[in-house]
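Inspection log for the structure reproduced underneath, given as structure tokens.
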Amino acid sequence: MSTSNELPGAVQTSWHGFLETYEPLRPDLYRYCRHLTRSAWDAEDLAQDTLARAFVTLGQMGHSPANARAWLFRVASNLWIDRVRRTRREEPLDLHEGEPGDARVSRSAREAAGTLLGQLAPQERAAVVLKDVFELSLEETADALATSVGAVKAALHRARGKLIEPPADPPSVPKPAVLDAFCNAFNAGDLDRLTALLLDTASVQVNAATTQYGPEAARRTVLWGMLFGVQRMVTANVNGGIDARFMQGVLAAAPRVEARWHRGAWVLIHWYAHHDGEAVRALTRIEADGEHVAHLHNYFFDPDLIAEVCAELGVPFRANGYRWFLPKR
């Protein structure tokens with residue numbers, strides 16, 4: 001039996017093995033979540049949550065699903081249904097209290113799916129995407145949405161032609177002063193100034209990799225990595241961590257950041273030097289509290305999100321892959 005000290009390592013090993021197995025499905029999962037949420041940022045969050053839920057569910061199942069892609073779509077669909085249900089408050093959370101846990105979840109998902117497919121555009125989009133984009137059969141689509149073939153047919157009839165993206169809105173929110181302060185400190189390579197911008201209660205996250213709380217913890221890991229991690233990138237073929245095939249051409253020069261407006265919010269884009277010029281390799285979103293940073297969310301191992309945002313911004317980009325845990329050679 002594993003001790004409490006051994007358990008985190010065992011879980012991490014299992015998690016890494018899960019990610020390696022399901023990595024080929026990540027682009028499809030992101031695209032599916034993107035159509036559901038109609039937001040690149042929300043799609044990345046939903047995709048990450050789907051993987052986490054799938055990891056836990058797989059451990060409870062004890063066997064691999066017959067169709068891994070369709071199964072991931074089902075997990076994503078159920079998460080999305082639950083989120084919309086909570087938002088719209090269509091029924092109390094304890095409506096089925098007294099039923100067995102699995103039966104309650106299954107019945108709740110089916111009823112929510114039926115209601116949402118009949119009333120809500122997000123679920124109509126889910127049916128259209130599963131059927132038309134990913135070419136699932138009506139039966140597979142119904143299974144992914146935990147509903148009936150008839151409900152899927154009705155949703156498809158109502159939903160066709162509704163997948164029109166809203167136009168990108170022009171900047172309407174002034175750039176917070178903390179963004180300029182962050183960019184200036186970052187581009188000067190000043191770790192002290194960057195750390196001083198964080199609230200004592202700040203959370204700093206590298207998506208799907210690590211979350212640190214408080215300035216000192218963030219300084220030692222995330223902020224240091226954002227400023228000086230390029231040194232590790234150029235030696236990835238020896239020191240591991242990042243997939244070396246994505247690091248071809250990158251130079252050991254400090255990256256720089258600048259703020260850009262993207263779909264209703266400011267985002268920091270991280271420029272890295274390469275033999276053939278600069279390209280964006282990371283994105284950062286900051287939640288400000290006055291002149292300080294309350295939350296920092298960095299996206300580095302998120303190639304689908306980075307590709308979409310950079311394409312919309314019209315800037316060159318390079319992928320870093322999904323993995324941050326490769327061993328040394």
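We did not get these values from a lab; they are worked out from the coordinates using the rules stated. Only a predicted model underlies this, so the values are computations on that prediction, with no experimental measurement involved. Here the Cβ positions follow ideal geometry from the backbone for every residue, glycine too, while neighbour counts run over all protein chains shown.
Some values worked out for this structure:
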item	result
Kirkwood-Stokes translational diffusion coefficient of the range 177-313, alpha-carbon pairs, 25 °C, 0.890 mPa s, µm²/s	161 µm²/s
At R0 = 41 Å, FRET efficiency that the Cβ-Cβ distance of Asp28 and Asp289 yields, to 0.05	0.65
Inter-part distance where the range 249-313 and the range 33-53 are each reduced to a Cα centre, Å	19 Å
Share antiparallel - DSSP beta bridges, the range 177-313, percent rounded to 5	85 percent
Sorted by Cβ neighbour density within 10 Å, fewest at the top, the residues Tyr30, Tyr213	Tyr213, Tyr30
Cα gyration tensor, the range 247-303 - rounded (a/c under 1.5), prolate or oblate	prolate
Net lengthening on full extension, Leu199/Val238 (0.36 nm per residue, minus Cα-Cα)	10.4 nm
Pairwise label distance in nanometres, Trp15 with Ala52, each label 7 Å out on the Cα-Cβ vector	0.9 nm
Among Ala288, Met233, Thr201 the positive-end extreme of the charge dipole of the range 177-313 (Cβ point charges)	Met233
